[in-house]
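Single-structure report; data block below.
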Amino acid sequence: MNITPIQKKAWLELKVEGRLDASWAEHFFSTVAAHMREGRHDIRVDATELNYLSSAGMRSLLRAHRELAAVSGQFAIIRASEFVIRTLSMSGFDSLLKLDLADQDDAPEADESEDKGAGWTSKGIRFEKFAIDPDARMEVRPAGRWIPWARLDAAECEKIPLGRDCIAIGTGASAESFEEAKDRMGDFASAAGCTAWLPGTGADSPDYILQEGRFVPELLAANGLRAVGGISSLLRFSPAEEGASLELSTLIESAFAATGATSVAFVAIAEVDGLVGVSLTRSPGLIGENDKPAEFPELREWMSFCGERVHSGKQALLVGFADASRSGLSQPLLPALPSRNGWAAHVHAAVFPFHPLPNGEIYMSDCVAQLFAGAEPSALLHLVEDARPTLGLGASSFLRGACWCAPATFHSEAR
Amino acid sequence: MTLVIGAFTMGLILSLLALGVLISFRILRFCDITVDGSITLGASATAVLLVSGCNPWLATLGGMGAGMIAGFATGLLHTHFKIEELLSGILVMTALYSINLRVMGRSNVPMLNSESISDWAEAMLLKSNPTEKISILGWPVPVRDLAMLLTVAALVAFIGLLLNLFLKTSIGTAVRAAGENPQMIRAQGVDNRWMQVFGLAVSNGLVGLSGAVLAQYQGFADVQMGIGMMVWGLASIIIGEALVGKSTRSTGMMICGALMGTVLFRLLIAIALRWGLDPNDLKLVTALFVFAALVLPRWAGKIGRKVFGGRGNAGA
Amino acid sequence: MLELNNVKKTFFPGTPNEVQALRGISMKLEDGCFAAIIGTNGSGKSTSLNAVAGSFMVDSGQIHLDGHDITKWPEYRRASLIGRVFQNPFAGTAAEMTIAENIVLSMRRGKTRGLGLALNRRIREEIKERIRPLNMGLETRIDNPIGTLSGGQRQALTLLMATWLRPKLLLLDEHTAALDPKSAAQVAVLTKEIIEREKLTALMVTHSMQQAVQLPHRIIMMHKGQIVEDIYGERKARVKVADLMNAFDRVRRRDLFDASVAEQVLPQFA
């Protein structure tokens, strides 16, 4: 079998020659998936030269159709031979697959900007901005009062609800009491009622709790930032040239630009180019009298470092807060961002298997829920920049995705 | 005919030496040069014992025992003092040169007047057939020569059988395994070093035995008689392997091969000498022969691989 | 029971090639426990096994087996308690000796060897009886040199030889690593069968995560001459290959986490 991609104005055509049977079905589907990853959400199969279609082949067509439908894309078979049409219609698949018999070619001409998105290109990255609610803001409050790396006191912890109305990051555990929580405190990230947290027990993968019906998950937080409010704008980004990627600080910069504010709260879902970060491997609740977690060799018992740029090709959910006004610097949980003078940021990333996002304007709560519904998170990192000369891993960077952001107001007291 | 009988007798005597080399070289995979000294040691010890009036069979056993001690020493040097195998052999061989002179008191001990196995054999044969000469295929043969040949043949057959049995005993199999795969035999709870020492003692015992019989056949022991004997034994083994097939690893076949190889080699040498080979060139010829036997198969293999496109070494 | 107490070994001490192969290994292996040692190259997994087998004498620490302090015992003496299978299928047998002769050698493991004939009809029948269940057709070939057999067959025989007399401890040093996949699987199954049937105490070095997850009761993970993970009981029951890979990853990341990283990371954490 041979698959030749031809880029048309409004869609991508895949010319399929030969037999689409069990031995080629997987290859066909992964080819479609690879094009979807690049943001091609209207894909049509030119079946002129397709001379055999088995049930396995049909299933792969159906899978491609479903995947594209999930991101509001299009999938169709065009110029099918009599045999293919007969096979598909007899199997009842003709209703699922659009059999565009007429060779309408580029008929529905490219209506390039279908929407209100305003675009620009910077450093090889194409940005599009969608205004959602110009008046929306986020009120950010601290949750818990633990200051690393002091011993953790029960009184410093605070139980916080993590419902659909808030976003939050920090250190905590899903537990009823401090006693239960203190040996499993770890990093967490929460958005739209979905919370991923990495128990500080040396666990390999994060646990997660979702808001379902009237159940609103709660977390006992040692420290953290929790924001309530609305999203003001959506940024879509994708590489405009080969090899370009978006660094975390550039993403934050774009969020500042999109909101017109110097303090932002944001949630992003993006394909990972490489993540650099740390995570707690031992609960701060276990810090004892004689422990010195902040000193080097011992630090390794409490925290793990990624060691290399990780999770390339995966999908990350970022929840973060950033500040360029210096007012936020008084916040203990907004440490300085080394690559940008005067900026401070705190970002957690939950890592998922890659799943494409629909193009255009999309909703944060839907996308986050879909991410958690699709597969389990495989990692959770507190993102850092590694600026060591020659050895440094640099900053986390991303390829394409969506970033929902809003101006943030930092309050120093809980309420 | 006398010449043929002489070659046979000599070949059989030296086949005991070949059996010794077979044990060290092929079974223990130990390049043991002690042989050159222990054959002389066996001869000189026997000669001195005989001159002092000892029973010829006891004297022969004495020669064998002396050889065993030499082998034991080499083994000990290698296994317990961690001296390279070749060097251990050279050290013992060198030391034996002086020891042999000490044993004999001079460089050559004739035993014209002492009773030897030859005399014993002649007496035995004369008892049953009291004539001076016996006719074989019409050739008259001195009784003494025939008696010696028969005795040596019986001795060699006995030793060969005994050795074959030994190699099949519990300890014999352990010695063989120690030579082939020391790691494996250690894992089976055997101290491979002692197996090596033991094997070398047996090997040099056989060499000493060969020396003891040789001295009695020749009628003298000489301090120079051991030079080149190890290579001689090696040549015999190689010829033997050509006769029975190199791949054969059955102990019986290996022993038969060594026996037949020595006799054949001795016959070839006798013929060559008859045709005018200078006896002084004998050792050179032997060395060249061993060289060729070691190198030619490798060349043949290479050429074979070239010709048969790399299948020459299949199964190796 | 096997017990290692703070066992240390440095190869080529005081030279540029100095290797701290074992940096204080302590473990207890209960009777009837089958443990696998996994680790990266040079982690000391094979070295630990060889320390127990006595291939070299350790620099410090003690090794106890079955109530004996075997720390100072030479290798051949320890063989009276230990059966071994090596990585190289040719290492455990003498190629030019017959199958029967090889096996009979192992029938006297750790016993005295005298001048009696090694093989007789009764012993030959016993050998045939015990190699028949291998289903390799070897019972009709017991007088063939063992070198004529395939690596898998030789390794199966080596395993049989190592367990012919019930050892107090069975050591398996990546014994399926040099075999083709089919033979490796056969030998792995045979290993499990024998160990379970004889309720043997066994220590296996492997680089196959799959094998480590499937075969033993316990997994010991080594890194740079130290034990970094010891997985047994309930945890062993639910461990998956991916978990072992993660554990390796953790160890590797920990190595990359040096003082310069700490300096970078700490101010960004809070």
Yes/no for residue A:45 being within 18 Å of residue A:313 (Cβ to Cβ) and open to solvent by less than 20 Å² (accessible area, probe 1.4 Å):
no
Do we find that residue A:366 is within 20 Å of residue A:316 (Cβ to Cβ) and without any contact (Cβ under 8 Å) to a residue 12 or more places away in the chain in this structure?
yes
Starting from residues that are at the interface with chain C (Cβ under 9 Å from one of its Cβ atoms) and under 23 Å from residue A:207 (Cα atoms), keep the ones in region A:281-309 and report whichever is nearest to the chain's Cα centre (by Cα).
A:306
Taking into account only those residues within region C:41-81 that are among the small types (Gly, Ala, Ser), open to solvent by less than 10 Å² (accessible area, probe 1.4 Å) and not in a loop (DSSP other than H, G, I, E, B), which is nearest to the other protein chains (Cβ to nearest Cβ)?
C:53
Given the conditions (1) open to solvent by 20 Å² or more (accessible area, probe 1.4 Å); (2) touching a Lys or Arg at 6+ places or on another chain (Cβ under 9 Å), and given that residue B:225 satisfies all but one, which numbered condition is not satisfied?
(2)
Kindly indicate whether any position in region B:180-195 is buried (at least 19 other Cβ atoms within 10 Å of the Cβ), of a type in the set (Val, Ile, Thr), touching a residue at least 40 places away in the same chain (Cβ under 8 Å) and assigned by TED's automatic domain parsing to the domain that holds residue B:70.
no
Need at least 2 residues that are more than 10 Å from chain B (Cβ to nearest Cβ) and within 26 Å of residue C:216 (Cβ to Cβ) per element, so show me which helices (runs of 4 or more DSSP H) inside region C:82-182 make the cut, counting only ones lying wholly within it.
C:121-131, C:151-164
(1) within 12 Å of another protein chain (Cβ to nearest Cβ); (2) under 22 Å from the mean Cα position of the chain (by Cα); (3) part of a helix (DSSP H, G or I) all hold for residue C:187 apart from (1)
Quick check on this structure: which one of B:61, B:50, B:22, B:14 is open to solvent by 10 Å² or more (accessible area, probe 1.4 Å) and either assigned to a helix (DSSP H, G or I) or assigned by TED's automatic domain parsing to the domain that holds residue B:167 (or both)?
B:61
The correct count of residues that are facing chain C (nearest Cβ under 9 Å) and either open to solvent by less than 20 Å² (accessible area, probe 1.4 Å) or closer than 22 Å to residue B:60 by Cα (or both) in region B:135-175 is 7
I'm checking my understanding of the structure. Among residues of region B:27-42 that are under 25 Å from residue B:57 (Cβ atoms) and of a type in the set (A, V, I, L, M, F, W, C), which one is surrounded by the fewest Cβ atoms within 10 Å (Cβ to Cβ)?
B:41
Evaluate region A:384-393: report whether one residue or more is out of contact with any Pro (no Cβ under 6 Å at 6 or more places or on another chain), in a strand (DSSP E or B) and not hydroxyl-bearing (Ser, Thr, Tyr).
yes
Hey, can you tell me all the residues within region A:329-344 that are in contact (Cβ under 8 Å) with a residue 12 or more places away in the chain and either open to solvent by less than 10 Å² (accessible area, probe 1.4 Å) or more than 26 Å from residue A:127 (Cα to Cα) (or both)?
A:329, A:330, A:331, A:332, A:333, A:334, A:344
In region C:185-210, what residues are open to solvent by 20 Å² or more (accessible area, probe 1.4 Å) and either over 22 Å from residue C:68 (Cα atoms) or of a type in the set (S, T, N, Q) (or both)?
C:185, C:186, C:189, C:190, C:192, C:193, C:196, C:197, C:207, C:208, C:209, C:210
Of residues in region B:231-290 being of a type in the set (Ser, Thr, Tyr) and open to solvent by 30 Å² or more (accessible area, probe 1.4 Å), the one modelled with the highest pLDDT
B:250
When you check residue A:227 against the structure, is it more than 30 Å from residue C:258 (Cα to Cα), of a type outside the set (Phe, Trp, Tyr) and open to solvent by 60 Å² or more (accessible area, probe 1.4 Å), yes or no?
no
Name the one entry in A:231, A:252, A:287 that is touching a helix residue (DSSP H, G or I) at 6+ places or on another chain (Cβ under 7 Å) and either in the same structural domain as residue A:148 (by TED's automatic domain parsing) or aliphatic (A, V, I, L, M) (or both).
A:231
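The values are calculated or read from the model by the stated rules, or taken from the named source; none is laboratory data. Keep in mind it's a predicted model, so treat the numbers as computed, not measured. Positions of Cβ are backbone-derived with ideal geometry, glycine not excepted, and every protein chain shown enters the neighbour counts. Each accessible area value is taken on the protein alone, full model and side chains, heavy atoms only, with ligands, DNA and RNA left out. Shrake-Rupley method; radii C 1.70, N 1.55, O 1.52, S 1.80 Å.
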